[in-house]
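The values are calculated or read from the model by the stated rules, or taken from the named source; none is laboratory data. Predicted model, so just to flag it, every value in this text is computed and none were measured. Positions of Cβ are backbone-derived with ideal geometry, glycine not excepted, and every protein chain shown enters the neighbour counts.
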Amino acid sequence: MIKIKLYSLTLLLALFFSCGEDPIPKPKGFLRLDYPPAEYEDTDLNLPFTFEKNLLAERIKNIKVDSKNETFGIDLNYPTLKGTIYLTYIKVTEDNLIPLIRDSQNLTQEHTQKADVIESNLYSNKEHKVYGMFYEVGGNAASQSQFYVTDSVNHFLNGSLYFYAKPNFDSILPAADYLKKDIKHIMETLRWK
C-alpha cells in the first residue's frame, strides 16, 4: 500500500512540475561577422605606382615581374577573410590601351553566367590623373569586385577580388563588402610615378 501511495505521489509531482508553457521554437540564427575598422599604410614597392593598403592584408610578398613587357602582378592576401585582391600593372604603349580596357571589361562580363547583377561605376581623379571603372558583381560569381584604372598615357592597373571558398553570395557578402571598400581605397590613393 505504501508503494502505491509513493508511486501515486511521484506520478502526481511529475505531472505537476512537467506542466508549463507551450514550447516556443527559437528563431533562426544568423552568422555575425565583424571585421576591425580599416587602417591603411603607404606602400612603396619599387613599382611604377604607390597606393595605401589595409593592415589586415598580409605583407605583400608575391610580386611577379616581367621586365621585358613592364608588367607587374601583386597579390594582397586577406587570410582572415579568405580572399585575395589581385593587381596587375601593365605599361601602356601606343597600341595597347584600348585592348587592355576591352580585356578588363570582358573579364568582368565573363561573370554574367553566375552573376545576378553587375554594376559599374566610373572613377575619375583629374588631380592625380587616375581614370577608370569599378565593377560590383552580385550573386554567386567567382569575383565580387573588379576594377581598372589608367592615366591614358603610360600606366594601366587592373584588379580583381577572389575568395578561396566556394562562391555563396550570402555567406561571403560581409567579407565582399569589406574588401570592396579596400578596392575603392586603393583606387582613391593610387599615385603614378
(message) Suppose we keep only residues that are loosely packed, with under 10 Cβ neighbours inside 10 Å and among the aliphatic types (A, V, I, L, M) within the range 13-54. Which one would you say is modelled with the lowest pLDDT?
(response) 31
(request) Return yes or no: is residue 57 under 30 Å from residue 88 (Cβ atoms), among the aliphatic types (A, V, I, L, M) and either surrounded by 10 or more Cβ atoms within 10 Å (Cβ to Cβ) or modelled with pLDDT of 95 or more (or both)? (result) yes
(request) Inspect the range 96-117 for any residue being in contact with a helix residue (DSSP H, G or I) (Cβ under 9 Å, 6 or more places away or on another chain), of a type outside the set (A, V, I, L, M, F, W, C), surrounded by fewer than 19 Cβ atoms within 10 Å (Cβ to Cβ) and part of a strand (DSSP E or B) and give the result as yes or no. (result) yes
(request) Give the number of residues within the range 73-117 that are farther than 23 Å from residue 181 by Cα and modelled with pLDDT of 90 or more. (result) 12
(request) Considering only the range 165-191, state which residues are at pLDDT below 95, under 17 Å from residue 51 (Cβ atoms) and among the aliphatic types (A, V, I, L, M). (result) 179
